[in-house]
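The values are calculated or read from the model by the stated rules, or taken from the named source; none is laboratory data. In this text the structure is predicted, and so the values were computed from the model without any measurement. Virtual Cβ from ideal backbone geometry, glycine too; neighbours counted across all protein chains shown.
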Amino acid sequence: MHWDRSLPAWPGPDAGRGSAVRIGIFGGTFDPPHVGHEAAARAVLEALDLDHLLLMVANDPWRKSPTRPITAADDRFAMTCALCESIPGAEASRLEIDRGGPTYSIDTVEAVRDSFVGAKDPRPQIFLIIGADLVGELATWHRSAELAKVVTIVVVSRPGVEPNGAPASFEVRRIDGPEVDVSSSQIREALVEGRSVDAWVPEAVMRCIASHNLYAVRR
């Protein structure tokens, strides 16, 4: 399932009562998406009572692209759509891909917020989901002061990673999701070497990897 911002926003459970829509934005490279992403998505959907959870596929992850080859954005989006098939309430978004250029969270948040605001609608409440390893970097993010005014940061725990202190300007919530000790880099390495990743990658995502001939995997 994927989210199309060109379509009218469909009503959440509080539609018609003047309540703000609750939107989670879970950004990532998703190269490839895996069971850790799935576990985190399920945890935040449950903990935050979200109307929408957007798995936001980065177009140009500028912190990573100088250090390694990045799988084509359209392929990463296809894999993320496959992941969302098994997560009720989650939708893959290609907003950043279609916008083009480097990926900055504040630009994405503003675009999502504006797409959900109608003439009589309150501004949506937006939760930006990040890993614990990124908390200490928030102050260095593009237009971080503006970002702090429009989102609640949601920190999802990762095995072996303790979140550093966030800047005081940010509202932060912490969620201790299921601890799945796996990374996309481990999966890419295993796939290239021909090792099984069945425990790490959902079946629908593996079918997508094979059909798109990614990571040296062939049908």
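Points worth noting:
- Number of the exception - PRO69 against (1) touching a residue at least 24 places away in the same chain (Cβ under 8 Å); (2) not in a strand (DSSP E or B): (1)
- Filtered residues of segment 72-91 (kept if part of a loop (DSSP other than H, G, I, E, B) and under 16 Å from the mean Cα position of the chain (by Cα)): GLU85, SER86, ILE87, PRO88, GLY89
One line per residue, one yes/no per condition, for (1) polar (S, T, N, Q); (2) modelled with pLDDT under 95; (3) over 30 Å from TRP200 (Cβ atoms):
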site: PRO69; (1), (2), (3): no, yes, no
site: ARG76; (1), (2), (3): no, no, no
site: CYS84; (1), (2), (3): no, no, no
site: LEU95; (1), (2), (3): no, no, no
site: ASP114; (1), (2), (3): no, yes, yes
site: PRO122; (1), (2), (3): no, yes, yes
site: PHE127; (1), (2), (3): no, no, no
site: GLY131; (1), (2), (3): no, yes, no
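- Within segment 66-78, the set of residues being within 25 Å of SER211 (Cβ to Cβ) and not basic (Lys, Arg) comprises PRO69, ILE70, THR71, ALA72, ALA73, ASP74, ASP75, PHE77, ALA78.
- ALA20 out of contact with any helix residue (DSSP H, G or I) (no Cβ under 7 Å at 6 or more places or on another chain), of a type in the set (Gly, Ala, Ser) and either within 23 Å of HIS142 (Cβ to Cβ) or assigned to a helix (DSSP H, G or I) (or both): no
- Residue count for segment 30-51, restricted to those that are more than 18 Å from GLY177 (Cβ to Cβ) and at pLDDT 95 or above: 2
- Summed over segment 101-125, the residues that are part of a strand (DSSP E or B) and either small (Gly, Ala, Ser) or touching a helix residue (DSSP H, G or I) at 6+ places or on another chain (Cβ under 6 Å) (or both) give a count of 0.
- Pick from segment 75-100, criterion touching a helix residue (DSSP H, G or I) at 6+ places or on another chain (Cβ under 7 Å), of a type in the set (Asp, Glu) and surrounded by fewer than 18 Cβ atoms within 10 Å (Cβ to Cβ), ranking: farthest from ASP60 (Cα to Cα): GLU85
- Note on segment 165-219: residues that are of a type outside the set (A, V, I, L, M), in a helix (DSSP H, G or I) and under 15 Å from LEU83 (Cα atoms) amount to 5.
- Residue selection: ALA139 fails the criterion of being surrounded by 15 or more Cβ atoms within 10 Å (Cβ to Cβ) and in a helix (DSSP H, G or I).
- In segment 142-180, the qualifying residues are those that are under 18 Å from GLY36 (Cβ atoms), modelled with pLDDT under 90 and of a type in the set (A, V, I, L, M), and the one that is surrounded by the fewest Cβ atoms within 10 Å (Cβ to Cβ) is VAL161.
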